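The values are calculated or read from the model by the stated rules, or taken from the named source; none is laboratory data. These numbers were taken from a predicted model, which means no experiment stands behind them. Backbone-built Cβ (ideal geometry, glycine too); neighbour counts: all protein chains shown.
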Amino acid sequence: MKVAISTDTGSVSAHFGRCPSYTIINIEDGKITKREEIPNPGHEPGFLPQFLAEKGINTIIAGGMGPRAQSLFAQKNIATITGIQGSVDEVIEKCLKNELKPGEDLCGHKQEEVHEYSDSTYKEQISTRKGTKICITAKGKDLEAEVDPRFGRAQYFLLLDPIAMQIEAVENPYKDTAQGAGIQTAQLLADKGVSVL
């Protein structure tokens, strides 16, 4: 198991993407085999999931993380544990003892996934509210696209299923409607089962 912990002067940082550094630990048979701290290479959309996946990270620990980032990490099969506070040393100790529990996201983002670890290998078990579907307004058809600040007249909607780890791009048929775009768009997303926007 390889873990990345958002770090700020020895404590767990409140925001994963904007922390000064990451503490990387390798855990084998309940023991740390390697520990290092690396600087944050930059907070650009879609960059950190790829960067950390290439380093072999399979679990992330942070005070908080946005739902879009969590979805991107899920696509890389990287588990996220948010709502964590305290010193990095204390958090590592809890990891080794299998006592680390997620809390309320410190960024104010709604946490849709809870990760529980039942043995020394920290096998991931995700229990997610049935039917959860996340919608992101976007200017393009994939997760590399820029977020569209509009809702009713957004160009596209990216619908993320965190259980099946599937993405559906839906072009907004109401973006050029003269009136009522917001209401019609809201109904469209409701019909598609969206519960988080």
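Brief remarks follow.
- Qualifying residue in the range 51-61 (condition: surrounded by 13 or more Cβ atoms within 10 Å (Cβ to Cβ), in contact (Cβ under 8 Å) with a residue 60 or more places away in the chain and either within 14 Å of residue 82 (Cβ to Cβ) or not assigned by TED's automatic domain parsing to the domain that holds residue 101 (or both)): yes
- Residue tally, condition outside any strand (DSSP E or B) and polar (S, T, N, Q), over the range 1-22: 2
- Looking across the range 108-159, the residues that are surrounded by fewer than 16 Cβ atoms within 10 Å (Cβ to Cβ), in a loop (DSSP other than H, G, I, E, B) and at pLDDT below 85 come down to 108, 110, 118, 119, 120, 121, 123, 129, 130, 131, 142, 144.
- Checked against (1) at pLDDT below 80; (2) outside the structural domain of residue 16 (by TED's automatic domain parsing), residue 46 meets all criteria but (2).
- Test: residue in the range 62-69 that is more than 27 Å from residue 196 (Cα to Cα), modelled with pLDDT of 85 or more and either out of contact with any Leu (no Cβ under 6 Å at 6 or more places or on another chain) or of a type in the set (Lys, Arg) (or both): no
- Residues of the range 18-34 satisfying the condition of being surrounded by 14 or more Cβ atoms within 10 Å (Cβ to Cβ) and touching a Ser or Thr at 6+ places or on another chain (Cβ under 8 Å): 19, 21, 22, 23, 26, 27, 30
- Failed criterion for residue 42 (all others in (1) crowded, with 19+ Cβ neighbours inside 10 Å; (2) out of contact with any Ser or Thr (no Cβ under 7 Å at 6 or more places or on another chain) hold): (1)
- So residue 32, is it outside any loop (DSSP other than H, G, I, E, B) and under 19 Å from the mean Cα position of the chain (by Cα): no
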